[in-house]
1. I need the full set of residues from segment B:504-540 which are of a type in the set (Phe, Trp, Tyr) and more than 12 Å from the chain's Cα centre (by Cα), in order please.
2. If I filter segment B:417-459 down to residues being of a type in the set (Gly, Ala, Ser) and over 20 Å from B:Tyr392 (Cα atoms), which single residue comes out as surrounded by the fewest Cβ atoms within 10 Å (Cβ to Cβ)?
3. If the Cβ limit is 8 Å and pairs must be 6+ apart or interchain, which residue in segment B:373-398 that is closer than 21 Å to B:Val326 by Cβ pairs with which residue that is buried (at least 18 other Cβ atoms within 10 Å of the Cβ) and of a type in the set (Gly, Ala, Ser)?
4. List pairs: first residue in segment B:468-481 and within 12 Å of B:Pro458 (Cα to Cα), second residue surrounded by 18 or more Cβ atoms within 10 Å (Cβ to Cβ) and among the small types (Gly, Ala, Ser) anywhere in the structure, Cβ distance under 6 angstrom, at least six positions apart or on different chains.
5. Is it true that B:Phe280 is within 24 Å of A:Phe170 (Cα to Cα) and buried (at least 19 other Cβ atoms within 10 Å of the Cβ)?
6. Give the residue that is nearest to B:Ile41 (Cα to Cα), with candidates limited to residues of segment B:224-255 that are of a type in the set (Val, Ile, Thr) and in a strand (DSSP E or B).
7. Just checking, how many residues over segment B:362-387 are loosely packed, with under 14 Cβ neighbours inside 10 Å and under 35 Å from the mean Cα position of the chain (by Cα)?
8. Determine the pairs where a residue that is more than 10 Å from every other protein chain (Cβ to nearest Cβ), located within segment B:421-449, has a partner that is of a type in the set (S, T, N, Q) with Cβ atoms under 6 Å apart, the partner being 6 or more residues away or on another chain.
Amino acid sequence: MARGSGGSLARYFMARLALVVPMLLILLTATFLLLRVAPGDPVTATLGDRVSEARADAIRRSLGLNRPLWRQYVDYLGRVVHGDFGRAITTNRPIRSTIAERFPATLELTLAALIVAVIVGVGIGALSARYRDTTLDIGGRIFGILLYAAPIFWLGIMLQLLFAVKLGWFPTGGRIAPFTEPRSITGLYTVDALLTRNWGSLTSSVRYLTLPALTLGLAIGGIFIRLVRVNMIQTLKADYVEAARARGVPERLVLFRHAFRNALVPVVTIVGLQFALLLSGAVLTETTFTWPGIGLSLFQFLQDRDYIGVQGLVTFYAVFVVVVSLLIDLASAWVDPRIRY
Amino acid sequence: MRPSNPSPLRIFGVLGALLLILTACKSSTSTTAGGGPAQNIVIGTTDSLQNSFDPAEAYDYFGTEVAFNTAETLVTYAPNATKPSPLLAAALPDVSADGLTYTFQLRSGVKFQDGTDMDAAAVKFSLQRARAFGDKDAEAAGFLLSGIKDITAAAPTKVVITLSAPDVAFLSKLAYSVASILSPTAYKNNVLSGTETGAGVVAKYKTDTVVGTGPYKLVSYKEKQSLEFQANPTYWGTKPKTPKILVRLFDKSSALKLALQNHEVDTAFRSLQPDELASFRSAAGFQVIEGQGPGIRYIVFNVNTPPWNNPNMRKAVAAALDRTPVVNEVLKGTGKPLDSMIPPTFPTHDPAWTSLYGAGGDITKVNAFLTAAGVPAGQKVNVDFWFSPTHYGDTEASVAQVIARTLEATGRFTVKISNVEWAEYGQKRKAGELPVFLMGWYPDYLDEDDYLAPFADPKIFDPAKWNDPQMLSLVAAQAKELDVTKRAVIIKQAQSYMADQAPYVPVFQISQFAATSDKVSGIVLDPIQIFRYWLLEKKA
């Protein structure tokens, strides 16, 4: 029995891994082609009037843009396999350096947002379910729908105007107060500040992180509220919950020990799947709050019409999301024996 | 009976308490702008680095700003001066009678930020290096030094520079960041051997830092985020007043405005929009500093495209244009009407366009020029007018619309406005596909030559495709005339000739503005466009 289950899991792993290859290939091909069908060649579109034809030609050659399209495609795939995402035209730096410099900021923001989303989503969702059809439930549902419907940038601007401009409680943008950066260990300022016991940096980084994390977290939290509520309501109707109540188990224990834990199982899977949504939301959040992550970098490359820069970051995003999705699927399959091919 | 459960009211109470704790962070962590020691300064800007801050390459405002604060030149401009004064040179040079040889005595005891001595060999190394890049890279600022024929380090503190032809603007060029004197030790691997081409040339620039003798050291550069400067502890001159300066780069002026409003930056320089700037004029705790700017905006005619190949047609537009509404309605006082391609910054400025065409909207003159051009009375002329929507800021569309309105107000023009983004705009301009269009000019060095040569010489710029032999000879004559009075006469002649032919119509001069906390002092905005960090000071 155990052997059979192990073999099934291995098959699932292999099948899931095999699916990654065509998925990545489709993503990379789409990214490559989309930027090639944009009007003008990347160098002229980026640098326009600023460069002579001679220099533009030199840049084209150095980027391999003078080669046939199929050759560029093969080169591009080859580079991606080696973790090389190209060299941005506007910065003349490898995209890899940009990613290394900015990814920690995006990771810190998305993790903080995920925490906000889980606290808000699970908290309000569970309360709505527990107090179903009360004013609290109706309020929670409306709140969840509003969060889900509100565009992230609008939510960000509203929080910015209220808490930063009007009340002055938080900064309008940036990642940490000037001249207070902690010594870099992980690149995550809050973590580095804790590790180096730099309390000034910790306070500052938390202040700067609060509004962007709330914006992104609330936007995702709207989805969680509805999901947790529905799951919780279904679970509260389950036979084993009724049985527990019949046995005289205190309601608090019924709620938290029996219903809540079981209701969270599908939510955990959804949390993982929301990671891609978090990353796309991070582009808008980072732009609104001048948060120096990869999302802001992508916006800057788009603004500068640096197609090579855009291609590099979109490729990184694509690979990252596919890999994270794969890991989540594999982890889910490992803990949940029902997930098999 | 069900056990007691938390009531909704109690839950709201807990949530409220959490919110209070969160917001309480504000009072405990509130910092001064900058968050660090009070005397440090944070500057916010929407500028970005076009290429690198290697002085041999930097040709954009921001790149040169970094170079000016970290490296120094032989001569410079004191605040608000229009003539150079010595900096790393001990005195202004001895210039030979034929204007070909410049002999400089250098200051002694000056060291680069890496400890290397600043001497004649370093001067020779730096200028030759920049000139070599100019020879190989058309976009590098090094081309400004192409007139140098030879450099000799005659003694440790004596340098002799020989030019291939007299150039009255040479000292102005030496005051530009391209002529920064750099540490030969730090740049020994960033010199062209002569065999490099294309990307090989670009790869030789030193793009990570600047090692000069300047009052500040660049200690950190985060791409499109920030630059941090520290006062140079071994600086030979008057020590900078601010220990650390952080320059934060913003993508949008609206974000910069919010940051200044919220005291997250101390000074916003380049560029808030006119409306945003206006909000700080009367706001408590802020001040707006204004300075004369060297930048100009103008209308260009492609003189090869009918009907604009007829000078009288161009003159009619020059007579119809009313600059005042553009300045008042769109720029809201952040610019001044301009009546010559050489702005009033220079004593040689001649209001040639208003002399010939009036102050604007002169219908009698418009009709006269159109009649001379062969346009029947009462017939309207179509103007295909172009602009680029973002390159010159968010006000550009309004500038174009108001210009069009003033032309149409004469009853003799029908203006069709079109726009394309900057990259395509440049392509169309070069291809001659823009008959009438808006452009702007920021000089490289502070001399009248830089307002004449680029508009006459197709080898430099000449967006009107004018290429007029008489204008070219006037430009060449003023460039080699060493007598100041005689040169001024030629410069005025050039302005009059340009106005008479009207391939360009000046519209307005751009003023410089900085919005700043009133705790910050020492901001000098003068036409030379050096934002001098070393003069800035912030009161606690």
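1. Across segment B:504-540, the qualifying residues are B:Tyr504, B:Phe508, B:Phe513, B:Tyr533, B:Trp534.
2. B:Ala431
3. Correct list of pairs: B:Val381/B:Ala316; B:Val383/B:Ala404; B:Phe385/B:Ala400; B:Phe385/B:Ala404; B:Phe387/B:Ala400; B:Gly393/B:Ser271; B:Asp394/B:Ser253; B:Glu396/B:Ser388.
4. Listed by first residue and then by second, the contacts come to B:Met471/B:Ala456; B:Leu472/B:Ala456.
5. Yes; evaluated as a whole, the condition is true for this residue.
6. B:Ile245
7. Number of matching residues: 1.
8. Pairs found: B:Gly432/B:Asn302; B:Pro435/B:Asn302; B:Pro435/B:Thr305; B:Tyr445/B:Ser172; B:Leu446/B:Ser172; B:Asp447/B:Ser172; B:Glu448/B:Thr348.
The values are calculated or read from the model by the stated rules, or taken from the named source; none is laboratory data. In this text, all values refer to a predicted model and were calculated from it rather than measured experimentally. Backbone-built Cβ (ideal geometry, glycine too); neighbour counts: all protein chains shown.
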